[in-house]
């Protein structure tokens, strides 16, 4: 993987997913902010060992939305309990 991704810039960090949820994924962190764009442009759809790479940018805003939604739902449930409000139809 270093050989493939290293062609597009100096790599600062390379992490391979080992959990059940992240198996088959890897995170590549480049030294220069412009190198990931070049890697995404050239490596998306690249065939490695009869598998095609899907190369995407990490989008922290999208990853945070799931946890933010859960936090808001929990906060609403606590407020409903505190004030005795029910959303269920009687």
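The values are calculated or read from the model by the stated rules, or taken from the named source; none is laboratory data. Every value quoted in this text rests on a predicted model; they were computed, and no experiment measured them. Quick reminder, even Gly has a Cβ in these numbers, built from the backbone with ideal geometry, and neighbours come from all protein chains shown.
Each residue in the stretch 33-90 was checked for being in a loop (DSSP other than H, G, I, E, B), farther than 25 Å from residue 10 by Cβ and at pLDDT below 85, and 7 pass.
Residue 26 fulfils the conditions (1) modelled with pLDDT of 90 or more; (2) touching a strand residue (DSSP E or B) at 6+ places or on another chain (Cβ under 6 Å) except for a single criterion, (1).
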